[in-house]
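Visitor: My questions will all concern the structure given below.
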Amino acid sequence: MGAEGFELSGKLDFDSKLFDPAQAAFTYKKINGEHQWGLSGLLGVGGGKVPGIKSGQLAVHYENQVFTATGDAQLSVPGLESGKLDVKYGEQEGLTIGGAFQLSKDVPGIESGSIDATVSRKPPANQWQLAAHGTAKPKIPGVDATLTASYEDGVFTIEGDAAYARGMLSGSIHIGVGNQPPAPGGQPGEKPGGKPGAAPGPGSALSVHGGGRLTLRLAPWLEATAAVQLDREGQVRLDGEVKLPDAIDLFPAKGIKKNVLTVGFDIPIVGIAVFGQRVGIFATIQGGLDAEASVGPGQLRQLGLKVHYEPGKEENTSITGGAQLHVPAEAGLRLFVRGGIGAGIPLVSAEAGLEIGGKLGLQGAFDASTQINWTPKQGLVLDARVDLTAEPKFVFDVTGFAKVEVGAFGFTKDLYDKKWNLAAFEYGSGLRIGVHAPVHYEQGKPFSFSLDDVKFELPKVDPGRILQDLVKRIA
């Protein structure tokens, strides 16, 4: 060149531990005091230089202070397709190579995904290493989630926890896809503890692992729990037996109430003279007898059931075995008394409260062994009969008061004032009471319990006589 210029050209060798070929042509020009550098070449990556990279090429170019380096690469990481490479250079970071890669369609249990890969020196050996991180969407029926993907030291892993809901099963499972099995001793559904053992060789096949414990709603009346595992293709499989609850609720408690009879009469309390006129104070007593009964809740106990269930063939589900049908029942007679005070003239006011209550009651339960043979088409039908009888006594608790006043010309006078606070006492004996009712349960239909179904066994009770005797005790 002339006196005002200078030009130089040659070859630039890159790190042969990373590139092969590792040489690019460069130029240098100095024109009118300006320095101009140029670089161009094709660098090869792979060929065993970097674990995980099978082959790749980078076209490097530098001109007018603009540096570009683009290319593509094929990875030896199972499940990753070829992708684009780019190069960055910084004074502190040095030379880094990275790129974006898509997950291949043949990754088991995975629908799609992408990762970002980088090639950098890794201590302590300061060797070039490939690392990658990204996300993946599983292709497992019943799962809609995003999993994390990573590659390091030859280990490719996709994993995460996800909600699962399909058919009768629901809950949460752990999903893993990789070229290594879970750590030894790992339980189904648990994340592997620590790093897996032996490092896989290049091209090791990917497989699915994972699982969890899910809720299995076999029928409207039965929920169980089941441990599941994912097979190598990502299908859910049962791991062991289905765990049933200690008791199964079939239907809630139902109750009815029936009035047997009602009576009423007046009882004289006191006669007094007011302003020369005879006034009678009397109590109006009303009473009656109610019958009550309830059945339920119905339960299946002491379960000896076997469950046949296949996640992919739920129509073949069956429940067979023995159980105890437990139906608690109550029956009772309620004798009630309510009282009020009346007076014969407007000048006299009377107030009173009287509440007497007594109940004959019995409690029991129907227990019977029953055989269960359930399928989704057949459903569950149970029939039983409740029979309860007993001979209890009435137990009464009585409180009451009565007060009579006369008022005229701005003054009042108490004519009658009395209170009662009586302890509980028993009344009657040999009063046999019972209830008899059929119990019918059919899956898919509401449990019904009405007066038409119930037969009461009532004692011979004379409410009038009982009320008369009670009033004598408290008068």
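The values are calculated or read from the model by the stated rules, or taken from the named source; none is laboratory data. Keep in mind that this is a model prediction, so the values were computed, not measured. Quick reminder, even Gly has a Cβ in these numbers, built from the backbone with ideal geometry, and neighbours come from all protein chains shown.
Visitor: Select from the stretch 147-160 the residues that are surrounded by 15 or more Cβ atoms within 10 Å (Cβ to Cβ) and either of a type in the set (D, E, K, R) or part of a strand (DSSP E or B) (or both) and list them in ascending order. Explain how you work it out, then say what you get.
Guide: Keep residues of the stretch 147-160 that are surrounded by 15 or more Cβ atoms within 10 Å (Cβ to Cβ), which gives 147, 149-151, 154-160.
If the condition is that a residue be surrounded by 15 or more Cβ atoms within 10 Å (Cβ to Cβ) and either of a type in the set (D, E, K, R) or part of a strand (DSSP E or B) (or both), then LEU147, ALA149, SER150, TYR151, VAL155, PHE156, THR157, ILE158, GLU159, GLY160 are the ones that fit.
Visitor: Further, regarding this structure: Could you list, ordered by first residue, the pairs with Cβ atoms under 6 Å in which the first is in the stretch 297-317 and at pLDDT 80 or above and the second is outside any loop (DSSP other than H, G, I, E, B) and of a type in the set (A, V, I, L, M), at least 6 apart or interchain?
Guide: GLY298/LEU250; GLY298/VAL327; LEU300/ILE248; LEU300/ALA323; VAL307/ILE319
Visitor: Hey, among ILE267, ILE281, ILE272, ILE285, which residue is buried (at least 19 other Cβ atoms within 10 Å of the Cβ), modelled with pLDDT under 55 and in a strand (DSSP E or B)? Please lay out each step first, then the result.
Guide: On the way: ILE267 fails: buried (at least 19 other Cβ atoms within 10 Å of the Cβ); ILE272 fails: buried (at least 19 other Cβ atoms within 10 Å of the Cβ); ILE285 fails: modelled with pLDDT under 55.
Selected residue: ILE281, the only one of ILE267, ILE281, ILE272, ILE285 that is buried (at least 19 other Cβ atoms within 10 Å of the Cβ), modelled with pLDDT under 55 and in a strand (DSSP E or B).
Visitor: Sticking with this structure for a sec: If we scan the stretch 289-296, do we find a residue that is at pLDDT 80 or above and in contact with a Leu (Cβ under 7 Å, 6 or more places away or on another chain)? Explain how you work it out, then say what you get.
Guide: Keep residues of the stretch 289-296 that are at pLDDT 80 or above, which gives none.
No, the stretch 289-296 contains no residue that is at pLDDT 80 or above and in contact with a Leu (Cβ under 7 Å, 6 or more places away or on another chain).
Visitor: Within the stretch 188-216, which residues are modelled with pLDDT under 85, surrounded by 14 or more Cβ atoms within 10 Å (Cβ to Cβ) and within 28 Å of the chain's Cα centre (by Cα)?
Guide: Result: PRO188, GLY189, GLU190, LYS191, PRO192.
Visitor: Do we find that SER172 is part of a strand (DSSP E or B) and in contact with a Lys or Arg (Cβ under 8 Å, 6 or more places away or on another chain) in this structure? Quick ask: steps written out before the conclusion?
Guide: Values: part of a strand (DSSP E or B): yes; in contact with a Lys or Arg (Cβ under 8 Å, 6 or more places away or on another chain): no.
The answer is no for SER172.
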